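Participant: Take this structure first; my questions come after.
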Amino acid sequence: MSAPAGSPQRAASTRIQPKLGGVAASGAAAGPGPAPHQQNVADSLSCPVTQNVQPPKSSPVVSTAVSGASSARLPPTANHLVEPVASVTQPSELLQQKGMQYGEYVNNQASSAPTPLSSTSDDEEEEEEDEEAGIDSSSTTSSASPLPNSYDALEGGGYPDMLSSSASSPAPDPAPEPDPTPAPVPTAPQPSKVAKPFGYGYPTLQPGYQNAAAPLHSGGQPGSAAYSGFQQYAQQYPGMNQLSSSLGGLSLQSSVQPESLRPVNLTQERNILPMTPVLAPVPNLNLDLKKLNCSPDSFRCTLTNIPQTQALLTKAKLPLGLLLHPFRDLTQLPVITSNTIVRCRSCRTYINPFVSFIDQRRWKCNLCYRVNDVPEEFMYNPLTRSYGEPHKRPEVQNSTVEFIASSDYMLRPPQPAVYLFVLDVSHNAVEAGYLTILCQSLLENLDKLPGDSRTRIGFVTFDSTIHFYNLQEGLSQPQMLIVSDIDDVFLPTPDSLLVNLHESKELIKDLLNALPNMFTNTRETHSALGPALQAAFKLMSPTGGRVSVFQTQLPSLGAGLLQSREDPNQRSSTKVVQHLGPATDFYKKLALDCSGQQTAVDLFLLSSQYSDLSSLACMSKYSAGCIYYYPSFHSTHNPSQAEKLQKELKRYLTRKIGFEAVMRIRCTKGLSMHTFHGNFFVRSTDLLSLANINPDAGFAVQLSIEESLTDTSLVCFQTALLYTSSKGERRIRVHTLCLPVVSSLADVYAGVDVQAAICLLANMAVDRSISTSLSDARDALVNAVVDSLSAYSSTVSHLQHSVLIAPSSLKLFPLYVLALLKQKAFRTGTSTRLDDRVYAMCQIKCQPLVHLMKMIHPNLYRIDRLIDEGAIHVNDRVVPQPPIQKLSAEKLTREGAFLMDCGCVFYIWVGKSCDNTFIEDVLGYPNFASVPQKMTHLPELDTLSSERTRSFVTWLRDSRPLSPVLHVVKDESPAKTEFFQHLIEDRTEAAFSYYEFLLHIQQQICK
Ligand SMILES: [Zn+2]
């Protein structure tokens, strides 16, 4: 399978064909090699943007010229172009689910029964496995190329390389390796070696785990070979008593109860919200494993103590699943270049800190327990330049690593970064004025687009017709080519529409400077979005890449046209919320076609009117794109939205990007994954197809326990994300998370990660809202609280139902669920525009936990008395850290000013009697009365309190990809309604207060 490094093209093309199936034909047709008629048309259409051009006599003119350009219609000869949408056979996908029952296996695969991870019986599985599999470690070694081992700097697009000098210095040629066959002669363990066992420093290791004692182990217990590695962990924690003594942690049998199990009387304890941010619970592992474990910022589990059996999980009534942020920006990332990427021969797990070394030559997989050979190359450690210490290799010392992959991990040579912009230029779009902001932003960031010398870029604009731009190097100015046959879209000059960014830079700049004014006088109100997307698909098919679509209204022409489905009178309905699902499968089908050609479609919806986001969003959901939404966007009437767009575009255009990606999550034998959440397409049982991956994308996955985990005390999860970097490198980012297994219900409760649980529940509730109904999803959320607290009361706390008790680990659960019920996505009885609701649901499905939590439960701070005490220092700036207040009006004193951080919007509420010094020093007005009703900026004033406030706001703002709009809200101004809606603990017309909600829960439990 391994192609020679010099000529991977042939191997790639023979392998990619079968996968593309029916879509391949259309891709090929749209690819290079223009048909004669196309060439003809191209010539006849070629016209400088700024000049009037006569249409060819042979081509009937169909549309009027826009801004000096003419348009022409292609003779209807394009019927050999296979219509991609018609040819698609809809593959199975996982975005639907049965319900919110926890841990139950929901088999969403239409075609196949749940397949064990290691299975490769299914043909498609085999093929997909191939793509991410690479080649077996043992076989790579023999065909090793002479690449030296080295630790590359991080590639561009993210943070600068901050690896230590030792990590970034390339290792010497592997030549000076010592004797390649060191005999594992057992020697008497040196005292230092006893303390420093193989792998990592376990202070209390069993003999079999230690370096010197390896032969003893392998010879001593032949009968238990298959599981012996894990039994060593088991031996380490033989029982609950020892667990508590050795780990100082969990066991209920010990006299000291862990804080996470402290019973909290919810109705009595009114101040349950901590004043500092809620942190992820640290899994109860020994110190060395803790140190090695994956950061919760990348990888979290709803239960940090994994129940031993499904029965135990079912009893706990808690959701089990993972929350992932796999491609987040990292300041430190070990990047490994190695001929041999060491993986388990059986389940393909990447070697990681939680495997066990039986001896120097063998390691046992921590997911399937297979014993694997340590390949020769792995014996050399490029970091320490020493030999014979495979356990010190960076792959075994870091739970997050990135590998530079060989051609074995490619289906075709890595493609260049390709960016296509598809822009609405209808009257509505021109009136909204987004083009100026977009073009300006692109001009400013053109050199910062992630990529290399091969980067390509293209532009398509559309109204009732589709306009292409020939930007081929050598032209004196860009040429606009108009295709008005939207029923049968063709590409006028396929070869010159996506051009090399560097070679055609001047033409691109000319176009970006001209675009905002080209359509100023248009009267074209129609929007042929669907046909424009079909054209984009054809244009991108040969390479794949990223399509950025800017849309400002309901598509009204051609394929994929939509009609308004929103009844404004129903916006505050307490009963049925309709049309949460798409009106047509056009966008989903197109997205699946795009995904098949490694193209992701990102949607920017800038609209003041209903635009059926639930239908449009499908183009991004299934192609692994992202969705941006700017309601009531107007570049001049709504300056804060305009600024938001500009800031978010900057992040969007310059952030890191991965292409041609697939992600697979593996877990310890016995556990099984079912429903996945996020923007992607599930290609085979558990392989997520991601045409693009970006650092702001989050994912979630639900788990069940298929076989009991009694033989093990630890389980692991591993995410492998294989992608092509913008510089054309094939890379694999691997995260591995290790968690303990517990057998008692109390321990399960002790380990709840309440934020992860609430985020997973939110994802499940979105699916439920769309598949059944919003009210059903709301009921399910309430039941989640009722069931878990009821189960806890009756099995663990044994307290009477007359009080509502939660373990400390779950004390925020009812509050967070109430917050979800009041969130735009799920609220009823409060006027909510359908697109706003759908967008909130989209955000829930694809935001990483850290950002999603702010959206669910905002943070409230008092900011009129910021002090430096407890402040942190960031880049020479002092950032105050005021305590977090509970979300209730009772906290709002009229003498104060408060900042509410809702994730994508900030409110500063100013009390009527707020100190004039604050108003003057921070807001820049002499008194409360003179503060304007609409204020969206904090002025830069030369006062200490202004500096502190801005420093705090900037710090909050910098921590997220979406740029929040800031609203200064005066007490008693009409704008305060929005602000007060976020005071979750208070009663509203349509919803319980927190206290009432608790009583309701208690009532339900007593039933
Ligand atoms: Zn394995």
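Participant: Rounded to the nearest 20 Debye, what is the dipole magnitude of region 827-921 about its Cα centre when Lys and Arg each give +1 and Asp and Glu each give -1 at the C-beta? Don't jump to the answer; show the numbers that get you there.
Facilitator: Working: 12 positive and 12 negative charges, 127 e Å.
The dipole magnitude comes to about 600 debye.
Participant: Please identify which residues in region 743-768 have an amide N closer than 19 Å to a label point set 7 Å out from the Cα of residue 282, following the Cα→Cβ vector.
Facilitator: 750-756
Participant: Separate question: Report the label-to-label distance for residue 990 and residue 505 in nanometres (one decimal), using points 7 Å from each Cα along the Cα→Cβ vector.
Facilitator: Computed distance between label sites residue 990 and residue 505 equals 5.2 nm.
Participant: Tally Lys/Arg at +1 and Asp/Glu at -1 over every other residue whose Cβ is under 12 Å from the Cβ of residue 888; what's the total? Show your work: numbers first, answer last.
Facilitator: Details: positive: 270, 886, 891, 987; negative: 890, 985, 986.
Cβ neighbours under 12 Å give a net charge of +1.
Participant: Turning to a different aspect of this structure: Using a 1.4 angstrom probe on heavy atoms only, work out the carbon and sulfur share of the accessible area of region 778-897 in %. Kindly include the intermediate steps, with their values, before the conclusion.
Facilitator: On the way: 1900 of 4160 Å².
Carbon with sulfur: 46 percent of the solvent-accessible area.
Participant: Please name which of 688, 728, 703 has its Cα lying farthest along the dipole of region 636-778 towards the positive end, using unit charges on Cβ (Lys, Arg +1; Asp, Glu -1) and the Cα centre as origin.
Facilitator: 728
Participant: Please calculate how many Å² of accessible area region 819-893 carries per residue, with a 1.4 Å probe and no DNA, RNA or ligand atoms counted. Walk me through the intermediate numbers first.
Facilitator: Working: 2710 Å² over 75 residues.
Normalised by residue count, the accessible surface of region 819-893 is 36 Å².
Participant: Round to a whole number: what % of the accessible area of region 558-656 belongs to carbon and sulfur, probe 1.4 Å?
Facilitator: On region 558-656, the fraction of accessible area on carbon and sulfur atoms equals 47 percent.
Participant: Another one. For region 533-650, what is the relative contact order in percent, using Cα pairs closer than 8 Å and at least 6 residues apart in sequence?
Facilitator: Working: 186 pairs, mean separation 33.7, N = 118.
Dividing the mean separation by the residue count of region 533-650 yields 29 percent.
Participant: Also: Quote the charge dipole size of region 312-371 about the Cα centre in Debye, to the nearest 20; the model charges only the Cβ of Lys and Arg (+1) and of Asp and Glu (-1).
Facilitator: On the way: 10 positive and 2 negative charges, 68 e Å.
The calculation lands at about 320 debye.
Participant: Could you tally the net charge around residue 560, taking each other residue with its Cβ under 13 Å from the Cβ of residue 560, Lys/Arg +1 and Asp/Glu -1? Could you put the intermediate results ahead of the total?
Facilitator: Values: positive: 588, 589; negative: 487, 585, 593, 612.
Computed value for this residue: -2.
Participant: Using +1 on the beta carbon of Lys and Arg, -1 on that of Asp and Glu, and nothing else charged, what's the dipole of region 454-559 about the Cα centre, debye to 20? If you can, show how the numbers build up before the last one.
Facilitator: Working: 7 positive and 10 negative charges, 74 e Å.
Dipole magnitude for region 454-559 comes out near 360 debye.
Participant: Full extension from residue 290 to residue 977: what is 0.36 nm times the residue separation minus their Cα-Cα distance, to one decimal in nm? If you can, show how the numbers build up before the last one.
Facilitator: Numbers: separation 687, 0.36 × 687 = 247.32 nm, distance 4.53 nm.
Roughly 242.8 nm would be gained on extension.
Participant: I'd like to compare 768-776, 408-416, 350-358: which one has the highest average count of other Cβ atoms within 10 Å, and what's the full order after that? Please list the in-between numbers first.
Facilitator: Working: 768-776: 18.2, 408-416: 20.7, 350-358: 24.3.
Descending packing order for the listed peptides: 350-358, 408-416, 768-776.
Participant: Can you pull the one-decimal nm distance between simple spin-label points at residue 271 and residue 436, each 7 Å off the Cα toward Cβ?
Facilitator: Going by the 7 Å Cα→Cβ label model, 5.1 nm.
Participant: How much accessible surface area, in Å² rounded to 10, belongs to the heavy atoms of residue 419 with a 1.4 Å probe?
Facilitator: Near enough 0 Å² of accessible area.
Participant: So for region 708-806, averaging the separation of alpha carbon pairs under 8 Å that are six or more residues apart and normalising by length, what relative contact order in percent results?
Facilitator: Working: 73 pairs, mean separation 17.1, N = 99.
RCO, region 708-806: 17 percent.
Participant: Heavy atoms of the protein only, probe of 1.4 Å, neighbouring chains included. What is the accessible area of residue 292 in Å², nearest 10?
Facilitator: 20
Participant: Provide the gained length on full extension for the span residue 913 to residue 795, in nm with one decimal, where the gain is 0.36 nm per separating residue minus the Cα-Cα distance. It would help to have the intermediate numbers written out before the result.
Facilitator: Details: separation 118, 0.36 × 118 = 42.48 nm, distance 5.09 nm.
Here the segment from residue 913 to residue 795 would lengthen by 37.4 nm.
Participant: Mind checking the full-extension length gain between residue 488 and residue 802? Use 0.36 nm per residue of separation minus the Cα-Cα distance, one decimal, nm. List each step's numbers first, then the result.
Facilitator: Numbers: separation 314, 0.36 × 314 = 113.04 nm, distance 6.89 nm.
The span from residue 488 to residue 802 would gain 106.2 nm if fully extended.
Participant: Ignoring everything but the protein chains, give the 1.4 Å probe accessible area of residue 526 in square angstrom, nearest 10.
Facilitator: 80
Participant: Once label points are set 7 Å from the Cα along Cα→Cβ at both residue 650 and residue 473, what is their separation, rounded to one decimal in nm?
Facilitator: 3.1
Participant: Where only protein heavy atoms count, and the probe is 1.4 Å, what is the accessible area per residue for region 303-350 in Å²?
Facilitator: On the way: 1170 Å² over 48 residues.
With the other protein chains kept in place, region 303-350 gives 24 Å² per residue.
Participant: In Å², and per residue, what accessible area does region 433-552 have when probed at 1.4 Å with the other protein chains present? Mind dumping the intermediate values first?
Facilitator: Values: 3520 Å² over 120 residues.
For region 433-552, the per-residue accessible area is 29 Å².
Participant: Excluding residue 960 itself, what net charge comes from residues whose Cβ is under 9 Å from its Cβ, given Lys and Arg +1 and Asp and Glu -1? Each step should come with its number before you reach the end.
Facilitator: Working: positive: 854, 957; negative: 696, 958.
Summing Lys and Arg as +1 and Asp and Glu as -1 gives 0.
Participant: For Cα pairs less than 8 Å apart in space and 6+ apart in sequence, what is the mean separation divided by the residue count of region 814-909, i.e. the relative contact order in percent? Don't skip to the end; give the middle numbers.
Facilitator: Working: 114 pairs, mean separation 23.5, N = 96.
Over region 814-909, the number comes to 25 percent.
Participant: Using a 1.4 Å probe and counting only protein heavy atoms, arrange 572, 726 so the residue with the most accessible area comes first. If you can, show how the numbers build up before the last one.
Facilitator: Details: 572 55, 726 5 Å².
Of 572, 726, the descending order of accessible area is 572, 726.
Participant: Hey, another quick one. For region 384-436, which whole percent of the accessible surface, found with a 1.4 angstrom probe, sits on carbon and sulfur atoms?
Facilitator: Details: 640 of 1320 Å².
With neighbouring chains kept in place, the figure for region 384-436 is 49 percent.
The values are calculated or read from the model by the stated rules, or taken from the named source; none is laboratory data. Just so it is clear, the model here is predicted, and its values are computed rather than measured. Neighbour counts run over all protein chains shown; Cβ positions are idealised from the backbone, glycine included. SASA here: full protein model, heavy atoms, side chains in, ligands and nucleic acids out. Shrake-Rupley method; radii C 1.70, N 1.55, O 1.52, S 1.80 Å.
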